[in-house]
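The values are calculated or read from the model by the stated rules, or taken from the named source; none is laboratory data. Source: prediction; values computed, not measured. All Cβ positions, glycine included, derive from the backbone under ideal geometry; neighbour counts span all protein chains shown. Accessible surface areas use protein heavy atoms only, side chains included; no ligands, DNA or RNA. Shrake-Rupley method; radii C 1.70, N 1.55, O 1.52, S 1.80 Å.
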Amino acid sequence: MSNQSLFSRRRPVLPPVLPRGEVLATYATYADAQAAVDTLAKADFPVKQLSIVGNDLKSVERVTGKLTYGRVALAGAASGAWLGIFFGILFFLFSPTGSSLPFVFAALIMGAGFGMLLGIASYAINRRRRDFTSTMQVIATSYEVVVDPELVNRARNLLGGQRDPEPPVSPTTSE
């Protein structure tokens, strides 16, 4: 999952390879793995050296409701109305006369009607194959936070609640 801004500058796309390194920790949920990375980020850890790897991927389809002719007609009318509004506004904007506002309303009604008819026809054809609505997700059974081997001890110390140790100070010799 990415939280990049739409206005951020483009970064080079990394090739699809598994990250190399040591497993820092394993978590049952993605939120827990993300919280661990957030903890390291707040401690000024170089987070570019981290990866979250999901293991044992599973496809989960959650049933959200039963399809009926009424629901299909309403959904088709709504999507058709949006398309009708779009074309109605286009006609309104590019009309030589400014009195074409009724065209927007007419386009909305016609779009809703056509959307409803197409939705009902599609449902009638596919009715016995799929009488429900659902959402599909791909989830992992566990998530590993992987880090470069030279940074694993520092990351474990930070996740364990210890402060980042100060770099050793070389002794000064006084003459």
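Summary table
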item: Search result, residues across the range 67-78 that are of a type outside the set (A, V, I, L, M), assigned to a helix (DSSP H, G or I) and open to solvent by 40 Å² or more (accessible area, probe 1.4 Å); result: 69, 70, 71
item: Selection status of residue 111, among the small types (Gly, Ala, Ser) and assigned to a helix (DSSP H, G or I); result: yes
item: Residue 64 being modelled with pLDDT of 90 or more and either surrounded by 10 or more Cβ atoms within 10 Å (Cβ to Cβ) or assigned to a helix (DSSP H, G or I) (or both); result: no
item: Any pair with Cβ under 6 angstrom, 6 or more apart, that starts in the range 143-157 at a residue that is touching a residue at least 24 places away in the same chain (Cβ under 8 Å) and assigned to a helix (DSSP H, G or I) and ends at one that is of a type in the set (D, E, K, R) and surrounded by fewer than 18 Cβ atoms within 10 Å (Cβ to Cβ); result: 149/22; 152/22
item: Within the range 79-98, tally of residues that are without any contact (Cβ under 8 Å) to a residue 24 or more places away in the chain and open to solvent by less than 90 Å² (accessible area, probe 1.4 Å); result: 7
